[in-house]
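Asker: One structure, as structure tokens, below. Some questions next.
Rule-based calculations on the coordinates, nothing more; no lab input. Note that the structure is a prediction, hence the values are computed from the model and not measured. Every residue, glycine as well, gets a Cβ built from its backbone with ideal geometry; the counts of neighbours run over all protein chains shown.
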Amino acid sequence: MFLMPDGKPIIGGTYWPPEDRMIEGQSVKGFKSILKIMIDLHKTKLDDIGKQAEKVAELAQQQLGRNDVGEALVQLESEIVREAVNVLLEEADPIHGGFGRRASGFRGTKFPMPSYLELLLSELRTNKNEDAQKKLTLTLTKMARGGIFDQLGGGFHRYSTERTWTVPHFEKMLYDNAQLVEAYSAAWKLDPQPLYKHTVDETLAFIAREMTSPEGGFYSALDADSEEEEGRFYVWTPKDLASAGLTKEERTLAQNLFAIFGGPNFEEKYYILTMPRPVSELADHQKVPVEQLSKQFSDVRRKMFNIREKRPRPFLDTKILAAWNGQMIAGYAKAGQVFDEPKYLAAAKKAADFVLTKMQTKDGRLLRTYFAEKDKPGEARLNAYLDDYAFVVHGLLNLHDATKEERWLKEAKRLTDLTLQWHWDKERGGFFYTSHDHEKLFARSKDQFDGAQPSGNSVAARNLVRLAKKTDDEKYRTHAEKQLRTFAGPLKSSPTTMSMMVVALAEWLSSQKVAQKPDLPKLPGGGGPAKKSDSVVKASAKADKPAEGNKQTIVVTLMVEKDWHIYANPVDNEMQEPAKTEVKVAGKGLPKAIKIDYPTGKKVEDKLVGEYRIYEGKVEIKVQIERAAGDKEPVEISVKILACNDKTKVCLLPATIKLTVP
């Protein structure tokens with residue numbers, strides 16, 4: 001993020017490669033190019049970038065104000081959870097696993113998204129959902145066998161730059177590995193596949209070997225680059241393999257199992273190691289005992305790993321962050337509990353003791369970061385943020401689950417009470433990211449987006465639900481419900497952007513089946529439980545006969561009841577983007593939607609959210625598809641909608657209407 005001296009943002013990005021590069025046919029500027037552009041702008045257009053920073057800061061303040069809407073008139077019910085799971089399953093890649101946009105063929109970067117995995121795991125803990133089980137298994141398997149997982153040294157890289165999990169951005173982040181250890185451990189408990197345990201064991205071996213400080217805390221990250229090349233530490237050439245000290249038989253085994261054949265899969269000269277098939281499959285093919293081949297493969301991995309260790313290493317960021325350590329404590333504790341492994345629980349306890357003794361103020365408040373220079377005592381500094389408290393409490397609760405030792409529950413309660421004291425918004429509910437006595441910024445946010453990491457508000461909500469169940473303390477139960485109601489609006493309109501909050505809601509609803517059900521706020525007009533949007537929107541679809549080039553036009557017609565509207569596409573308002581009407585195409589014949597013509601919506605002016613566009617009455621959406629040669633399979637159309645009432649100002653639950661046309 002490039003900032004002005006007063007901290008106002010000019011422009012930013014999540015990641016730039018060091019140099020310009022082509023990714024999936026598109027030119028992506030490297031950081032050196034971006035830096036040059038910013039230096040030139042600073043020299044020649046300082047006034048302009050100052051004005052842009054003022055505008056961006058103003059927009060940020062407006063957006064944060066729009067997000068901070070307070071308690072919504074929305075029923076907290078299981079329909080929100082079901083809708084979130086259904087939308088997530090629609091976003092799942094049916095071939096390579098993971099999640100993305102079906103309309104774009106799942107192209108582009110693909111993150112592991114542990115919060116999504118946790119939502120599917122939560123669903124499977126309470127319901128028999130074959131689709132969720134299938135897509136969770138596919139995702140976990142493809143990631144563990146792909147290039148995003150370090151097949152020699154263990155641990156996950158940050159994300160995949162393409163659909164198949166083959167080519168990662170090679171940085172290794174503590175928080176990714178922490179969350180994925182927890183996810184794979186939980187998945188093994190439901191479905192004890194050996195690959196899941198292998199993935200956990202290899203990842204925690206990597207964490208213990210390379211990411212753990214002598215005091216027991218966990219370091220933050222390993223860089224992607226070495227020898228001035230991204231990924232060079234991890235990738236292989238035929239020459240590298242030939243010099244690894246392998247016999248001819250071992251080299252052949254490595255080539256077969258690590259897919260080192262055909263053309264290189266990275267930068268046109270390197271092989272990223274993947275493991276597309278298990279050892280057992282190759283053993284069956286070669287008609288040799290699987291135990292024998294597994295032993296040979298272990299020897300091959302060891303030799304290749306030892307040779308790789310001699311290469312120049314990526315830079316290790318030895319900064320220790322409270323939040324990320326909390327996540328790693330949670331992962332170690334979960335693995336120790338699931339696999340009954342004392343060394344994992346010992347690592348979790350040691351790290352928890354480190355955070356609670358080395359990363360606190362004299363009055364017991366958490367500090368954000370700890371760093372020790374060589375041959376000097378370490379020092380913790382900076383006020384902790386919401387995610388520091390939330391993630392550390394999550395780790396302590398997992399430790400209490402695994403050990404039943406009262407001290408971890410006591411510390412979890414103490415830190416939660418501090419979070420309520422220093423971060424809770426007493427007027428509108430929810431937690432601020434910064435504490436009440438933090439330095440004053442141009443805007444104060446309530447983080448609520450669950451992406452590569454869950455938001456502090458989502459994890460805090462789940463912590464409150466868990467504490468209420470463990471302690472039967474009304475304080476935690478009341479705040480848990482208030483927290484969920486505060487975010488009920490976005491939970492209903494775009495649940496997958498708050499997937500961990502949905503998990504918290506599911507667990508809260510489960511607890512309400514045992515506890516006395518609280519009174520729910522009344523909807524305007526005395527309405528009962530909220531309906532889904534398809535109760536006021538009817539849909540139909542009609543297809544023309546396929547034309548030249550197997551192209552076919554389908555007209556989707558929506559009829560919206562009087563006094564109701566749905567959100568247009570484009571909606572022309574960033575805040576309303578998740579609520580826009582969206583059409584997707586699928587089918588056994590894998591038809592491609594090559595063009596979708598949405599009508600222009602009616603412009604609406606709202607004092608709170610600004611201008612946006614809606615559809616009322618009859619709406620026609622034209623979809624042009626392209627079929628494969630000979631494809632006569634029906635086409636499946638799904639239409640995602642969110643309906644709101646103009647008079648009562650109430651929105652229904654989002655719905656996805658499914659249609660089939662020949």
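Asker: What does the charge count around Q552 come to, taking other residues whose C-beta lies under 13 Å from its C-beta (Lys +1, Arg +1, Asp -1, Glu -1)? Provide the component values of the computation, followed by the final result.
Answerer: Numbers: positive: K542, K545, K551, K592, K595, K622, R627, K632; negative: D544, E548, E626, D631, E633.
Surrounding charge for Q552 is +3.
Asker: Same structure, new question: For segment 356-424, state which GluC sites (Glu not before Pro) are in a DSSP loop and have at most 16 other beta carbons lying within 10 Å of their beta carbon. Don't skip to the answer; put the middle values down first.
Answerer: Numbers: sites: E373, E379, E405, E406, E411; in loops: E373, E405.
Filter output for segment 356-424: E373, E405.
Asker: Treating cross-link reach as a plain straight distance, find the aspartates and glutamates whose alpha-carbon is under 12 Å from the alpha-carbon of K580, omitting any fewer than eight places away in the same chain.
Answerer: D572
Asker: Another one. Does segment 101-223 come out rounded, prolate or oblate by the C-alpha gyration tensor, with a ≥ b ≥ c the root eigenvalues, rounded set by a/c under 1.5 and, if not, prolate when a/b is larger than b/c and oblate if not? Write out the running numbers ahead of the final one.
Answerer: Values: a/c = 2.00, a/b = 1.27, b/c = 1.57.
It is oblate, given that a/c is not under 1.5 and a/b is not larger than b/c.
Asker: Still on this structure, I have one more. Dipole of segment 533-661, Cα-centred, from +1 at each Lys and Arg C-beta and -1 at each Asp and Glu C-beta, to the nearest 20 debye?
Answerer: 320
Asker: Could you list V392, V604, V87 in order of exposure, starting from the residue whose Cβ has the fewest other Cβ atoms within 10 Å? Intermediate values should be presented prior to the final figure.
Answerer: On the way: V392 31, V604 19, V87 16.
Neighbour counts put them in this order, fewest first: V87, V604, V392.
Asker: I need the shape label for segment 234-310. Rule: rounded when a/c is under 1.5, else prolate if a/b > b/c, else oblate, with a, b, c from the alpha carbon gyration tensor. Could the numbers behind the result be given before it?
Answerer: On the way: a/c = 2.18, a/b = 1.43, b/c = 1.52.
It is oblate, given that a/c is not under 1.5 and a/b is not larger than b/c.
Asker: For V167, enumerate residues with amide H under 5 Å from its amide H, sequence gap 5+ or separate chain, H modeled in the peptide plane.
Answerer: T161, E162
Asker: Under the classification rounded if a/c is under 1.5, otherwise prolate if a/b is larger than b/c and oblate if not, where does segment 308-400 fall, given a ≥ b ≥ c as square roots of the Cα gyration tensor eigenvalues?
Answerer: On the way: a/c = 1.93, a/b = 1.02, b/c = 1.89.
Taking the square roots of the gyration eigenvalues as a ≥ b ≥ c, segment 308-400 is oblate.
Asker: Can I ask one more? Taking neighbour counts of Cβ atoms within 10 Å as a proxy for exposure, in what order, fewest first, do V537, V28, V393 appear? Before the final figure, lay out the partial values.
Answerer: Numbers: V537 24, V28 15, V393 29.
In order of increasing Cβ crowding within 10 Å: V28, V537, V393.
Asker: Place the peptides 185-193, 257-265, 237-245, 502-510 in order of packing, highest mean first, counting for every residue the other Cβ atoms within 10 Å and averaging per peptide.
Answerer: Working: 185-193: 17.7, 257-265: 15.9, 237-245: 13.1, 502-510: 23.7.
Listed from highest to lowest mean packing, they are 502-510, 185-193, 257-265, 237-245.
Asker: Testing the spin-label approximation: label points 7 Å from Cα along Cα→Cβ at K632 and H436. State their distance in nm.
Answerer: Each label point lies 7 Å from its Cα, and together they span 7.2 nm.
Asker: Related question: Amide H neighbours of S226 under 5 Å, counting only residues 5+ apart in sequence or on other chains, H built in-plane at 1.01 Å?
Answerer: It is G231, R232, F233, by chain and number.
Asker: In nm, to one decimal, how far is the modelled label at A452 from the one at K603, with both set 7 Å along Cα→Cβ?
Answerer: In this crude spin-label approximation the distance works out to 3.8 nm.
Asker: Given a Förster distance of 41 angstrom, what is the FRET efficiency for T471 paired with H198, based on the Cβ-Cβ distance and rounded to 0.05?
Answerer: Details: r = 37 Å, r/R0 = 0.90.
Once the sixth-power term is evaluated, E becomes 0.65.
Asker: Continuing with this model, one more query. Within 11 Å, Cβ to Cβ, of E406, how many net charges do the neighbouring residues add up to if Lys/Arg are +1 and Asp/Glu are -1? It would help to have the intermediate numbers written out before the result.
Answerer: Numbers: positive: K404, R407, K410, K413, K470; negative: E405, E411.
Every neighbour counted, the sum reads +3.
Asker: Give me a comma-separated list of calculated 3J(HN,Hα) values for segment 225-242, in order, Karplus coefficients 6.51, -1.76, 1.60 applied at θ = phi - 60°, integers in Hz, x for any Gly or Pro.
Answerer: Whole-Hz 3J(HN,Hα) from phi for segment 225-242: 9, 7, 6, 6, 9, 5, x, 4, 4, 9, 8, 9, 10, x, 5, 4, 5, 5.
Asker: Sticking with this structure for a sec: Relative to the present Cα-Cα distance, how much length would full extension add between N383 and D191 at 0.36 nm per residue of separation?
Answerer: Details: separation 192, 0.36 × 192 = 69.12 nm, distance 4.10 nm.
Result for the pair: 65.0 nm of gain on full extension.
Asker: R0 = 22 Å: FRET efficiency of K531 with S510, Cβ-based, nearest 0.05? Can you show the working numbers first?
Answerer: Working: r = 23 Å, r/R0 = 1.04.
Efficiency at R0 = 22 Å is approximately 0.45.
Asker: Moving on to the next point. For a paramagnetic label modelled at 7 Å from the Cα of K269 toward its Cβ, which residues of segment 221-254 fall within the zone defined by backbone nitrogen distances under 16 Å?
Answerer: Once the point is set 7 Å along Cα→Cβ of K269, 226-241 turn out to lie under 16 Å by backbone N, inside segment 221-254.
Asker: Shifting gears a bit: So who's got an amide H within less than 5 Å of the one on Y567, skipping anything under 5 residues away but keeping other chains? H placed 1.01 Å off N, in plane.
Answerer: T581, Y615, L642
Asker: FRET efficiency for R107 and T252, Cβ-Cβ distance as r, R0 = 41 Å, nearest 0.05?
Answerer: Values: r = 34 Å, r/R0 = 0.83.
Plugging the Cβ-Cβ distance into 1/(1 + (r/R0)^6) gives 0.75.
Asker: Hey, what does the equivalent ellipsoid look like for the chain, semi-axes from the Cα gyration tensor as sqrt of 5 times each eigenvalue, largest first, whole Å? Write down the numbers at each step before the final one.
Answerer: Values: eigenvalues 309, 233, 145 Å².
Semi-axes (√(5λ), whole Å): 39, 34, 27.
Asker: Counting Lys and Arg as +1 and Asp and Glu as -1, each charge on the Cβ, what is the dipole of the chain about the Cα centre in debye, to the nearest 20? Each step should come with its number before you reach the end.
Answerer: On the way: 100 positive and 94 negative charges, 150 e Å.
So the dipole magnitude of the chain works out to roughly 720 debye.
Asker: Still on this model: State, to one decimal in nm, how far the label point of I39 lies from the label point of E620, with both points 7 Å from Cα in the Cβ direction.
Answerer: 5.7
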